[in-house]
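Below is one structure, written out as structure tokens; the observations come after it.
The values are calculated or read from the model by the stated rules, or taken from the named source; none is laboratory data. What you see is a predicted model, and the numbers here were worked out from it, not measured in a lab. Quick reminder, even Gly has a Cβ in these numbers, built from the backbone with ideal geometry, and neighbours come from all protein chains shown. These accessible areas exclude ligands, DNA and RNA; they are computed on the full protein's heavy atoms, side chains included. Shrake-Rupley method; radii C 1.70, N 1.55, O 1.52, S 1.80 Å.
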Amino acid sequence: MNDASALPQSAPVRTEHFDVLIVGAGISGIGGAYHLTHQCPGTSFVVLEAKESFGGTWITHKFPGIRSDSDLHTFGYRFKPWVGPPIATAAEILKYMGEVITDNDLAKHIRYRHEIRAASWSSTDNLWTIEAVRTDTGEICRFTANFLWMCQGYYRHKEGYTPHWDGMQDFKGIIVHPQTWPEDLDYKGKNVLVIGSGATAATLIPAMAADVAHITMLQRSPTYFRAGRNAIELAEELRALQIDEVWIHEIVRRKILREQDLFTQRTFSEPEKVRKELIGAVSALLPPDYDVESHFTPKYRPWQQRLAFVPDGDLFEGIRSGKASVVTGEIERFVAKGVLLKSGETLKADIIVTATGFHLCMMGDIAFTIDGKKLNWADTVTYRGMMFTGVPNLCWVFGYFRASWTLRADLVGDFVCRLLKHMQAKGARRVEVRLRTEDRDMKVLPWIDEENFNPGYMMRGMHLLPKRGDKPEWAHTQDYWNEKDWLPAIDLDGKEFVYG
């Protein structure tokens, strides 16, 4: 956690004031800027971004083949049609976001290379004070804002998560994490070992397979994969009929969302049937004698962790061709020429890629204080995964696990704009959420039920996250199909909202 007192001190710092300060120029922050511009015209706002450009995850990750693992008809904004293939490259997504910025004149609101170190709330002034440092000049920047909109995402961009294994120092080759991929990494003709079997591994392996001598995916346990053509037949048919792209976007979006809803419900109502369908579909893409039981049969229920989509089955094509292989086992230690497994097998490698996930980052690792007291987010209870007890004038965008992140970013955008207009109409300068009388005996639980969803990054970082209650309004439900109706219907004069 950063400490505001550690900021370098020099000349007096000029303070700029805005009605709203948005943290982050990724998919959520750019969406938030759009919603403010269109729903709250006349609101002054600034977007602070630590990186040199917009894009968030799409500029952080530069590994081969980087692409979305959600379809862009739902990962794209509801207000801008997506006209490309459903699974898109980072470059295509950045182009799309750049068009949103240009078309809506948002660039003037964005300050790049501004790393926020501290945010302090004053109940006397009803203001947030934000301290930032220019990463290019070292200059200290100070801002005040009536409202803070946290759109910075949920993982640490500076470093990925790599477990410690014995003997890592003995390995004579190169160890690289996908989140900090070296631009000059030469893997042509090399033996590459990818540790991990999530969406990153499923992207890297087919992207590298043609150039390496051989590439191996080493997994401790299997993952569920879904393979399909990287196209939406309905979209293609509607385009052939020369239907307007705005209509195509909305129709295809609704179709995908309905299918996702039905599939998600089935993973709870008939998990074994869904499990057999998923594994059977993968088996059909592999050689007849392939050991699907060992390498592609997970131990957990479908959607208890995120499914990885494989466009056009490219991962399995690599396996069929012999350029890629899968090994399931646990690492005993690293050795000079690769990795020794607990089974006694040694996997030789020139390059080891640790596609082992990331560090969950609570609120951008910013040092928060409320009236001079350090804020521990784990002491708060969340209101619908957006606001937090005891934290005034702040809203957080945390998307969905089983649906596209941006679906919730758009819903939260509507909520924030409605809340800001409601405060203005009431003449209120502050708002916070508090447990109601009927909530005081409510059971307080971890942010998410691990029986519902339990990826490693969530389990490792659960102690950092706010708590949830056992009522829908005091939890992040992960249920777009209900929240699309619930969030717009929130009574902003309900007893849980306290204005001042």
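Across all Cα pairs in the chain, the calculated P(r) in 10 Å bins from zero up to the longest distance comes to 4, 18, 28, 26, 17, 7, 1, 0 percent per bin.
Taking amide hydrogens as placed 1.01 Å from N in the peptide plane, the amide H of Gly385 sits under 5 Å from those of Ala475, His476, each at least 5 positions away in sequence or on another chain. Percent of Cα pairs in segment 354-420 per distance bin of 10 Å, from zero to the largest separation: 16, 43, 32, 8, 0.
Dipole orientation for segment 297-342: of the candidates Gly329, Ile319, Thr297, Gly329 has the Cα lying most toward the positive pole (charges on Cβ; Lys, Arg +1; Asp, Glu -1). For segment 282-371, the set of trypsin sites (Lys or Arg not before Pro) satisfying both a DSSP loop assignment and a count of at most 15 other C-beta atoms within 10 Å is given as Lys299, Lys342. With a 1.4 Å probe and all protein chains left in place, how much of the accessible area of the chain comes from carbon and sulfur atoms, in whole percent? With neighbouring chains kept in place, the figure for the chain is 50 percent. Peptides 160-169, 435-444 ranked from most to least packed by the mean count of surrounding Cβ atoms within 10 Å: 160-169, 435-444. The residue among Gly357, Phe368, Gly385 whose Cα reaches farthest toward the positive pole of the charge dipole of segment 355-500, with charges on the beta-carbon of Lys, Arg, Asp and Glu, is Phe368. In the assembled protein chains, Cys151 presents an accessible area of approximately 10 Å² (probe radius 1.4 Å).
Place a +1 charge on the Cβ of each Lys and Arg in segment 272-376 and a -1 charge on the Cβ of each Asp and Glu, then give the dipole magnitude about the Cα centre in debye, rounded to the nearest 20.
Working: 14 positive and 14 negative charges, 69 e Å.
I would put it at about 340 debye.
Rounded to the nearest 20, the Cβ-based charge dipole of the chain about its Cα centre (Lys and Arg +1, Asp and Glu -1) stands at 560 debye. Lys/Arg Cβ at +1, Asp/Glu Cβ at -1, dipole of the chain taken about the Cα centre: which of Ala235, Gly461, Leu218 is farthest positive-ward? Of the listed residues, the answer is Gly461. Sort segment 97-136 into rounded, prolate or oblate with this rule: let a ≥ b ≥ c be the square roots of the eigenvalues of the Cα gyration tensor; rounded if a/c is under 1.5, and if a/c is not under 1.5, prolate when a/b is larger than b/c, oblate otherwise. Note, shape of segment 97-136 comes out oblate. A cut-off of 5 Å between modelled amide H atoms, ignoring neighbours fewer than 5 places along the same chain, links Arg117 with Glu131, Ala132, Val133. Roughly what % of DSSP beta bridges within segment 91-222 run antiparallel, to the nearest 5? Expressed as a percentage, antiparallel bridges in segment 91-222 total about 75. Scanning residues 5 or more positions from Val47 or on other chains, those with amide H under 5 Å from its amide H are Ile22, Ile110, Arg111, with H placed 1.01 Å from N in the peptide plane.
The loop-placed GluC sites (Glu not before Pro) in segment 296-398, going by DSSP, that have at most 16 neighbouring Cβ atoms within 10 Å of their Cβ come out as Glu330, Glu345.
For Arg78, Arg430, give me the order by solvent-accessible area with a 1.4 Å probe, most accessible first, ignoring ligands, DNA and RNA.
Solvent-accessible surface, decreasing: Arg78, Arg430.
DSSP beta bridges fully contained in the chain are about 45 percent antiparallel. For the residues Trp447, Trp486, a 1.4 Å probe over the protein chains yields an accessible-area ranking, largest first, of Trp486, Trp447.
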